[in-house]
Amino acid sequence: MKIAFTTKGKDWDAEMDPRFGRTEYLFIYDEQSGEETSLDNREVQSEAHGAGPKTAQKLAEAGAQVLITGNGPGGNAASVIQAAGITVYIGASSMSVKEAYQAYTSGKLSKQ
Amino acid sequence: MKEIVVISGKGGTGKTSLTASFAVLAGGETVVADCDVDAADMHLLLEPDFSSREEFFSGEVAVIDPDICTNCGICRQVCRFDAISVSERSHIVAPLSCEGCGYCARVCPVQAISNNSEQVGELYVSSIKTDTKMVHAALKIGADNSGKLVARVKNEAKSVAEELGKAMVLVDGSPGIGCPVVSSLSGASFVVLVTEPTVSGLHDLKRVYQLVKKFKIPAGCVVNKADLNPQILQEIETLLQDEQIHYLAKIPYNEEFTAAMTNGKTVVEWDQNLRQTVSETWQQVLKILESETKE
Amino acid sequence: MKIAIASGKGGTGKTTLSTNLAVYLSESARVALGDLDVEEPNSGLYVQGEEIERHDKFKYVPRWNPAQCDLCGTCQLVCNFNAVLKLGQQIMVFPELCHGCYACSELCPTGSLPMIPQKMGELTVFRRGPLDFVESQLNIGEEQAVPLIKQTLKQMNGSFGDREYLIYDSPPGTSCPVIEVTKEADLVILVTEPTPFGLHDLKLAVETMRELGVEFGVVINRHGLGDDRVERYCAEQSIDIITTIPNHRKIAELYSRGELLYPSIPEVKNALEKIRLYILERRKESRS
């Protein structure tokens, strides 16, 4: 499973970014291969409109199957995510990526 | 983080006077954001020091290089915003009409058109007299994208609040129902609607509340100048009941609102009676906020 | 002659002045009034008339037709507003983000993104004796006011271009929607109130008018309230104060009921007459 996190930094110790569309980074962890990638999203962050769908598209292109974030994506982004078949878990804010992953594996995050 | 947004639909209802009063009552508990960027007035009451300023850029505006332009007219044909006209030497773009879609630049056969990012305003983070920070902005004349600036002000206020460890952001929202107010509302925990019992006050309240409903944000209402028209006051009260909007307060028509403003004060610093009413209103907002979050 | 009533700050009495002035002028001339504050149109509450026509107003947005599409991605490349995205085997369109520039539709090599109409609001035409009145209202959830304002202005100029006076009730503020209305006007009347907020927002409005290079004058509403800083500012800047309207609780009450002011308040009638004379003078100047 490829799992994506909205984050403020590039590694497991980074803090989660509760925002979806304007998140600073996307951190992606591939559970099978153990591979970790970090996508810089700051360019999208400064977009006037449509940051949500754009970030969602990035996520889909990276092949993520699960998204872990804070507030959850808004209308337009949600429809892109749905079309891409990504499952969204929300409520992961004010914690590190590591803690968010633990919360997810222990079933503490709610599915959107 | 709690975010309280004060909006009114209609202008002149006392929205900004009330928001600034809430800011004084909340003091150091909250960070303040002025999202009424088109007519930003809260700084006149809260004494900001404009200590940090930053230029704010919009989307793009097309610019035609007259030395390259061959006056072929293709750009003018494709522009849906009537932003391009012909001069003797070259075609020219009227920046106030240009939407920044970039279509003209894509079809120009000689690449005479570039898209320039334009400075449309300034963003400030100030210390204010209530021992906290305020984020505010000034929009350049005729600038587009005030929705984007509103979003910027709000996001900045949230990160300032995070940095300072404040649990609340108090927002003076934008008028109307368009892009700026949509940006003001997004992410709000509670909306305070300020209205007055006039035919237009009621009309605009209904429209703006439809928008609030779309966002599913809990709302409360303050009726200012409440004794102007008993019949419409009643209609407003019925509306609040039907829509389950918290009825926060009714404040009688009172020229002390203006007197306070003329002296650069908020009403709670100016008039004892108003201080009492507005304090009770604010306490109620806080109480509702707490119970809404518990659920 | 096209006269726009505008103000930096909301709630200063723009709609009050537009409606009273339009009805007053229509006692002696043919007048059309347009409410261009399409986000919150209120003039209709004060000028009740007979409804003549009502129609839907549309904006055009692309819709994906997959039949011929080869997923080249040109559409997403040319959209500056992120309103078109290619996602795997499909193209997604977000109409709320679309500015209607047609780039994706016309630059699509396979014609797979035809533009289709989508309702954004309603335009209604009323008649009240010699006064014609046009009001447009933007649908809730639509974020762009300017396209509807443009269409309304076009309709007004088309249907009522021959009227002696066209009065535009402008949206508040100093951004795009206001520019759209005031740049067309022969004269802009800025309504303000004698308060610090009124003054601050008046200054912004004055800068806007100067930038646009349009003729303008000021009307001070709720005169007697607040202080004289607005008057001092106008004197310093050599800005005409066309007239003042006094601060009266009675005015506020009539307004609250949706009634016209000048039939029962002589000071308002005097003020309107002063405005009428000012307009005439300005018109003479511009002709000579």
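So the values come out like this:
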quantity	calculated
The one condition in (1) more than 14 Å from chain C (Cβ to nearest Cβ); (2) open to solvent by 10 Å² or more (accessible area, probe 1.4 Å); (3) over 21 Å from B:K250 (Cβ atoms) that B:G59 fails to fulfil	(1)
Test: residue in segment B:21-36 that is on the phi > 0 side of the Ramachandran plot and outside any loop (DSSP other than H, G, I, E, B)	yes
Residues (open to solvent by 60 Å² or more (accessible area, probe 1.4 Å) and more than 23 Å from C:N80 (Cβ to Cβ)) located in segment A:9-36	A:K10, A:D11, A:D13, A:E15, A:E31, A:Q32, A:S33, A:E35, A:E36
Among (1) assigned to a loop (DSSP other than H, G, I, E, B); (2) more than 9 Å from every other protein chain (Cβ to nearest Cβ) - the single one B:R53 does not satisfy	(1)
Count of residues meeting criterion [crowded, with 21+ Cβ neighbours inside 10 Å, farther than 16 Å from B:V24 by Cα and away from chain C (no Cβ under 11 Å)] in segment B:250-269	1
Residue in segment C:45-53 that is within 14 Å of another protein chain (Cβ to nearest Cβ), assigned to a loop (DSSP other than H, G, I, E, B), open to solvent by less than 40 Å² (accessible area, probe 1.4 Å) and over 30 Å from A:A60 (Cα atoms) present	yes
All positions within segment B:214-230 that are at the interface with chain C (Cβ under 10 Å from one of its Cβ atoms), over 14 Å from B:P252 (Cα atoms) and touching a residue at least 24 places away in the same chain (Cβ under 8 Å)	none
Residue among B:A94, B:A112, B:A151 that alone is open to solvent by less than 60 Å² (accessible area, probe 1.4 Å), touching a helix residue (DSSP H, G or I) at 6+ places or on another chain (Cβ under 9 Å) and outside the structural domain of B:D41 (by TED's automatic domain parsing)	B:A112
Any hit, segment C:109-132, residues being farther than 30 Å from C:E164 by Cβ, at pLDDT 95 or above and within 14 Å of chain A (Cβ to nearest Cβ)	no
Filter result for A:I90 (closer than 23 Å to C:L97 by Cα and modelled with pLDDT under 95)	no
Counted residues, segment B:155-190 - those being in a helix (DSSP H, G or I), open to solvent by less than 10 Å² (accessible area, probe 1.4 Å), over 20 Å from B:S21 (Cβ atoms) and of a type outside the set (V, I, T)	1
Scan of segment C:215-236 for residues that are at pLDDT below 95 and either buried (at least 21 other Cβ atoms within 10 Å of the Cβ) or not acidic (D, E) (or both), ordered by number	C:G224, C:L225, C:G226
Residue pairs meeting the criteria (Cβ under 7 Å; at least 6 apart or on separate chains; first on the phi < 0 side of the Ramachandran plot, in segment B:70-81; second crowded, with 17+ Cβ neighbours inside 10 Å and part of a loop (DSSP other than H, G, I, E, B))	B:I74/B:C108; B:C75/B:C108; B:R80/C:G100; B:R80/C:C101; B:R80/C:Y102; B:F81/B:S97; B:F81/B:C98; B:F81/B:E99
Scan of segment C:63-86 for residues that are open to solvent by 40 Å² or more (accessible area, probe 1.4 Å) and either among the basic types (K, R) or in contact with a Gly (Cβ under 7 Å, 6 or more places away or on another chain) (or both), ordered by number	C:R63, C:Q68, C:N80, C:K86
Condition met for C:E193 (more than 30 Å from A:K54 (Cα to Cα) and more than 14 Å from chain A (Cβ to nearest Cβ))	yes
Unmet criterion (only one of (1) in a loop (DSSP other than H, G, I, E, B); (2) within 13 Å of chain B (Cβ to nearest Cβ)) for C:E253	(1)
Of residues in segment C:223-250 being assigned to a strand (DSSP E or B) and more than 8 Å from chain B (Cβ to nearest Cβ), the one farthest from C:P266 (Cα to Cα)	C:I241
Some residue of segment B:39-47 being of a type in the set (D, E) and either within 21 Å of the chain's Cα centre (by Cα) or on the phi > 0 side of the Ramachandran plot (or both)	yes
Number of the condition not met by B:L193 [criteria: (1) in contact with a Phe, Trp or Tyr (Cβ under 8 Å, 6 or more places away or on another chain); (2) open to solvent by 50 Å² or more (accessible area, probe 1.4 Å)]	(2)
Matching residues, segment B:98-143, being over 25 Å from B:S174 (Cα atoms) and either free of Cβ contacts under 8 Å to residues at least 12 places away in the same chain or within 12 Å of another protein chain (Cβ to nearest Cβ) (or both)	B:C101, B:G102, B:Y103, B:C104, B:A105, B:R106, B:V107, B:N115
Hits in segment C:48-60 - residues which are of a type outside the set (D, E, K, R) and touching an Asp or Glu at 6+ places or on another chain (Cβ under 9 Å)	C:G49, C:I52, C:H55
Filtered residue count, segment A:69-112, keeping only those that are away from chain C (no Cβ under 12 Å), open to solvent by 50 Å² or more (accessible area, probe 1.4 Å) and either in contact (Cβ under 8 Å) with a residue 24 or more places away in the chain or part of a helix (DSSP H, G or I) (or both)	8
Residue that is nearest to B:S58 (Cα to Cα), among those in segment B:125-137 that are open to solvent by 20 Å² or more (accessible area, probe 1.4 Å) and in a strand (DSSP E or B)	B:V125
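The values are calculated or read from the model by the stated rules, or taken from the named source; none is laboratory data. The structure presented is a predicted model; accordingly, all values stated were derived computationally and were not measured. So basically every Cβ, Gly included, is an ideal-geometry build from the backbone, and we count neighbours across all protein chains shown. Heavy atoms of the whole protein, side chains included, go into the accessibility calculation; ligands, DNA and RNA do not. Shrake-Rupley method; radii C 1.70, N 1.55, O 1.52, S 1.80 Å.
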